[in-house]
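S.K.: Right, I'll just put the structure down here and ask away after.
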Amino acid sequence: MPYADYSRKQEGKGDYIPHEVVSLMVDNDWTPLRAWREHLGLTQSDVAQRLGVSQSAYAQQESSNKLRKTSRQKIAAALGIDAALLDL
């Protein structure tokens, strides 16, 4: 089920991070941002294009453990998720 559909069904139930995202983070030592991107089946280029930045600029953000709040919000919007789901 696409995350957007699941999210609509979960309204009012709080933030939910799919097990697959947590597993990707733990098993591969990935940042939450990378785990979400991989879970959603997107490439770095896909997300960079949505953000209007280069792939290399996005790659730097994805590997960072400290994103600015505004960056986190913009990236979450590009992924179609709530920014709070990137705060782990």
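Coordinate-derived values only; no laboratory data. Quick caveat: nothing in here was measured; it's all calculated off a predicted structure. Neighbour counts run over all protein chains shown; Cβ positions are idealised from the backbone, glycine included.
S.K.: Compactness ratio of segment 17-86: Cα Rg over 2.2 N^0.38 Å, N = residue count? Could the numbers behind the result be given before it?
M.R.: On the way: Rg = 11.0 Å, N = 70, 2.2 N^0.38 = 11.1 Å.
Segment 17-86 yields a ratio of 0.99.
S.K.: Starting from the Cα of ALA84, step 7 Å along the direction of its Cβ; do the same at VAL22; then give the gap between the two resulting points in nm.
M.R.: Going by the 7 Å Cα→Cβ label model, 1.7 nm.
S.K.: If you take every residue apart from ARG68 with its C-beta less than 15 Å away from the C-beta of ARG68, what net charge results, scoring Lys and Arg +1 and Asp and Glu -1? Before the final figure, lay out the partial values.
M.R.: On the way: positive: LYS66, LYS69, ARG72, LYS74; negative: GLU62, ASP87.
So the environment of ARG68 carries a net charge of +2.
S.K.: Additional query: Summing +1 for each Lys or Arg and -1 for each Asp or Glu, what net charge is found among the other residues whose Cβ lies under 11 Å from the Cβ of TYR58?
M.R.: Numbers: positive: ARG34, ARG37, ARG50, LYS74; negative: ASP46, GLU62.
Around TYR58, the charge tally is +2.
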